[in-house]
Amino acid sequence: MANRVLRSLRNLITRPLTSSTSPSSASSSAAVDHIAKPEPTFQKPPASAPLRLDDAEKLFSCVPTSKLLRASAILHAAAIEPMVDFGTWVMRSNLMHVGVTRGAVLGALRHTFYEHFCAGEDAAAAGESVRCLHLCGLRSMLDYAVEYAGDNDSSDRNLEAFLHTVESATSLPPSSVSCLVVKITAICPMKLLERVSDLLRWEYKDPCFNLPWKKLETLPIFSGSTPTYHTLKKPEPLTPEEENDLVLGHQRLLKICQKCLEANIPLTVDAEYSSIQPAIDYFTYSSAIMYNKDDNPIVHGTIQAYLKDAKERLLLASMAADKKGIPMGFKLVRGAYMSSERKLASSLGFESPIHNSIQDTHVCYNDCASFLLEKISNGPGALVLATHNVESGRIAVAKANDLGIGKLNQRLQFAQLYGMADALSFGLRNAGFQVSKYMPFGPVEMVMPYLLRRAEENRGLLSASTLDRQLMRKELKRRLMAAVF
């Protein structure tokens with residue numbers, strides 16, 4: 001009996017991209033045939049398929065057992081907060097300056113959390129991850145995961161990497177890449193974005209304040225409830241050198257927009273810290289006005305629903321875009337900088353810009369989602385609902401159905417982080433909606449800031465990933481039992 005179980009386990013773990021109920025030899029042959037084709041391996045659902053998250057076999061039908069085992073182990077480890085705390089402490093400590101320790105830590109990181117949460121070390125490796133997801137009926141949001149640029153030289157290097165990413169995406173299966181993701185801090189120095197944001201805030205408080213460099217047409221950046229505590233005194237004007245650097249930063253974004261337009265791949269500009277968000281929105285909205293034509297919103301902005309002013313800013317920007325005839329694309333997220341936002345506000349003696357409770361954030365997210373769903377059902381535009389919250393997913397699916405937004409509609413898609421909320425991703429896919437995974441990629445050392453930030457900001461989300469862990473255990477148990485008996 002023991003030998004039989006061992007043989008079954010070996011066959012089970014090496015079985016690729018297929019249900020464990022099929023004979024192993026046939027499964028391997030079928031998987032090879034599938035990999036050679038660009039067609040997804042799952043069956044497309046009927047038009048009226050509901051959002052169901054109770055059938056583990058159906059949810060994870062295209063995930064190899066070896067990957068399912070690995071994912072289950074990683075998510076269980078990530079749910080242990082003391083382990084995450086210790087790992088982030090080590091990576092931020094002086095131990096990382098010791099050659100032997102640094103090599104050991106990066107090696108362990110590469111073969112565990114990095115491989116689970118990141119798509120690869122370069123565009124080619126990320127492309128293989130995209131192809132695997134495409135076979136499972138999921139799309140990819142490609143993110144060259146550099147977080148900050150210190151000067152123009154590093155900004156130019158990052159620009160070339162983003163342009164190369166777009167070129168690489170054009171060689172992947174059609175529709176497998178839903179968008180390119182860019183952070184403005186990767187193509188424009190952070191200090192300059194802080195300066196520009198300070199000046200934009202002061203202009204909002206004092207409309208007579210002149211900004212000679214502000215020549216681009218844009219949409220509303222602030223609302224009456226937007227906090228301005230970041231800028232407590234009148235800022236100095238930009239120097240000629242800073243003005244030149246600002247032009248260079250905007251030109252880099254326009255080059256990426258043009259490349260995406262030529263490839264017909266949307267560009268999503270990520271939201272970042274509230275201290276620099278005004279400059280980011282200035283860049284994003286001015287580029288959207290230039291590139292979003294007819295019913296093709298190439299440039300997407302991002303709204304963080306955990307901010308108290310999110311709904312009001314969204315309404316103002318959306319109404320202004322409608323008046324200008326600009327089809328806007330928006331990605332709606334809850335937010336990823338909660339700890340740092342609260343710390344900054346507290347250090348300055350101000351109330352946090354984050355909603356007072358998680359329930360308030362949920363309400364804001366669902367309200368914004370409802371508003372945007374109604375907009376794309378009645379006119380141009382596009383919407384990415386990025387959420388790991390099952391209830392928000394159910395509410396959005398019901399709203400989309402009520403509005404008659406067609407399944408597989410290119411203007412609506414859901415999104416989750418790569419390596420997280422897979423049950424929700426597959427459930428939404430099975431219900432017939434477009435679903436993307438946010439796919440960060442890049443060398444391990446470069447992606448470390450992203451991993452550290454995700455570990456710190458998502459610790460509650462990781463520890464609460466009960467649904468995925470339970471369903472993965474259920475499916476692994478089913479596959480083992482089927483293989484043995």
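Key figures for this structure:
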| quantity | calculated |
| --- | --- |
| Failed item in (1) open to solvent by 20 Å² or more (accessible area, probe 1.4 Å); (2) out of contact with any Lys or Arg (no Cβ under 6 Å at 6 or more places or on another chain), with LYS331 passing the rest | (1) |
| Filtered residue count, region 219-245, keeping only those that are assigned to a helix (DSSP H, G or I), without any contact (Cβ under 8 Å) to a residue 60 or more places away in the chain and closer than 22 Å to THR185 by Cβ | 4 |
| Complete set of residues in region 327-369 that are closer than 18 Å to VAL397 by Cβ and small (Gly, Ala, Ser) | ALA369 |
| Yes/no for SER352 being small (Gly, Ala, Ser) and either open to solvent by 60 Å² or more (accessible area, probe 1.4 Å) or without any contact (Cβ under 8 Å) to a residue 12 or more places away in the chain (or both) | yes |
| Matching residues, region 138-171, being touching a strand residue (DSSP E or B) at 6+ places or on another chain (Cβ under 8 Å), outside any helix (DSSP H, G or I) and modelled with pLDDT of 95 or more | LEU138, ARG139, SER140, MET141, LEU142, ASP143, TYR144 |
| Every residue from region 172-218 that is open to solvent by 10 Å² or more (accessible area, probe 1.4 Å) and part of a helix (DSSP H, G or I) | MET190, LYS191, LEU192, GLU194, ARG195, ASP198, TRP202, GLU203, TYR204, LYS205 |
| Subset tally (residues that are under 19 Å from the mean Cα position of the chain (by Cα) and either surrounded by fewer than 14 Cβ atoms within 10 Å (Cβ to Cβ) or of a type in the set (Asp, Glu) (or both)) for region 143-160 | 2 |
| Number of the condition not met by THR284 [criteria: (1) without any contact (Cβ under 8 Å) to a residue 60 or more places away in the chain; (2) in contact with a Gly (Cβ under 7 Å, 6 or more places away or on another chain)] | (1) |
| Failed criterion for VAL299 (all others in (1) among the β-branched types (Val, Ile, Thr); (2) closer than 22 Å to GLN413 by Cβ; (3) touching a residue at least 60 places away in the same chain (Cβ under 8 Å) hold) | (3) |
| Counted residues, region 311-326 - those being surrounded by 20 or more Cβ atoms within 10 Å (Cβ to Cβ) and either in contact with a Leu (Cβ under 7 Å, 6 or more places away or on another chain) or part of a loop (DSSP other than H, G, I, E, B) (or both) | 3 |
| Scope region 281-310; condition more than 18 Å from the chain's Cα centre (by Cα), acidic (Asp, Glu) and buried (at least 22 other Cβ atoms within 10 Å of the Cβ); matching residues | none |
| Residue that is nearest to SER352 (Cα to Cα), among those in region 228-241 that are crowded, with 18+ Cβ neighbours inside 10 Å and out of contact with any helix residue (DSSP H, G or I) (no Cβ under 6 Å at 6 or more places or on another chain) | HIS230 |
| Within region 361-380, considering residues that are under 22 Å from GLU272 (Cβ atoms) and touching a residue at least 40 places away in the same chain (Cβ under 8 Å), the one surrounded by the most Cβ atoms within 10 Å (Cβ to Cβ) | TYR365 |
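Yes or no, residue by residue, for (1) open to solvent by 10 Å² or more (accessible area, probe 1.4 Å); (2) in contact with a helix residue (DSSP H, G or I) (Cβ under 6 Å, 6 or more places away or on another chain); (3) more than 30 Å from GLY150 (Cβ to Cβ):
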| position | (1), (2), (3) |
| --- | --- |
| GLN413 | yes, no, yes |
| GLN416 | no, yes, yes |
| LEU428 | no, no, yes |
| VAL435 | no, yes, yes |
| MET446 | yes, no, no |
| PRO449 | yes, no, no |
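The values are calculated or read from the model by the stated rules, or taken from the named source; none is laboratory data. Because the structure is a prediction, the values reported are computed rather than measured. Positions of Cβ are backbone-derived with ideal geometry, glycine not excepted, and every protein chain shown enters the neighbour counts. Accessible surface areas use protein heavy atoms only, side chains included; no ligands, DNA or RNA. Shrake-Rupley method; radii C 1.70, N 1.55, O 1.52, S 1.80 Å.
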